[in-house]
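Working notes, beginning with the structure itself.
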Amino acid sequence: MVTAVAAGATMLLAGGIASAHVTANVYGDTPEKGGYGAIVLRVPNEEERVGTTKLEMTLDPEYGITSARTKPVPGWTAEVTKTDDVVTKITWTAEDGHEIAAGSHSYEEFEFVIGALPDDVDTLVLPTAQTYSNGKTVNWEQPPTDDDAERPAPVVELAESSGSGHSHGSGPTHGDSNHHPSENAEDAAGSTDATDDTARLLGGAGLVLGALGLGLGVGATMRARKAGKS
C-alpha cells in the first residue's frame, strides 16, 4: 500500500505530460469481477492561472453498476446520476474557494465505491471531463490502448472473482465506513439481530432457572425448620 502511494506521488512530481493525466487508482487489493471496488480518482490541475471546479466521470451503462457511494471531499459536493437504476455518472462540483488550485503541482483525490462490478470485462474505462474556472473543459476519454493518446481515459483493472460474494478492493489508509457496500452493512445488521435474539433467549432461560432454584431453596429451609421444632 505504501509503495502504491509513493509511486503515485513520484509520478506527479516527475514532470512531463504523464504527470498531468487524470488517473483511477486502487490502493490495496485489485477489485474483483462481480464484487465492489473502492477507487480513487486522482485529478491534477494542468492550468497555471485557473483552478479545477468540476469533474464528471462517466460509467458505461453496459457495466450494469447499480450502486455508487462517494467519500466526502471538503468543499466539494458529489452527485450520482442513474438511468433505469444503473449508475451512469458521478459529478463532483467545487464550492466557492475550494477548487483545485491553479498550478501544475496541485491535485485532489476523489474516492468512491461502485458495484456490483461487471463480470464480463477485464478493465473499467472511466471517461472524465475536467472543467476549469474559466469555462474550459478537458475530456479524458481517449482509448487507453492508444499509446499516443494525449487525453487517455482513467482505467481500473479487475481481478477474477474469488467466489466470496462480497469482494471489493481495499480503500486507502484514510478510509472510512463508506468503503463497505450496503450489502455488507445489511449482513452485519442481520448478524447483530440474531445475536440479540440469542442473548434474550439465554437471559430468559436464566431467569426461569434462577426462580426454580430460589423456590427449591426456600422449600428446603422451611422443611429444616419444621424438623428442628419436632
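Per residue, how large is the accessible surface of the range 43-176? Use a 1.4 angstrom probe and give square angstrom. Write down the numbers at each step before the final one.
Numbers: 6910 Å² over 134 residues.
For the range 43-176, the solvent-accessible area averages 52 Å² per residue.
Coordinate range of the alpha-carbon atoms in the range 100-150 per principal axis, descending: 40, 29, 20 Å.
The values are calculated or read from the model by the stated rules, or taken from the named source; none is laboratory data. What you see is a predicted model, and the numbers here were worked out from it, not measured in a lab. With ligands, DNA and RNA removed, areas are computed over all heavy atoms of the protein, side chains included. Shrake-Rupley method; radii C 1.70, N 1.55, O 1.52, S 1.80 Å.
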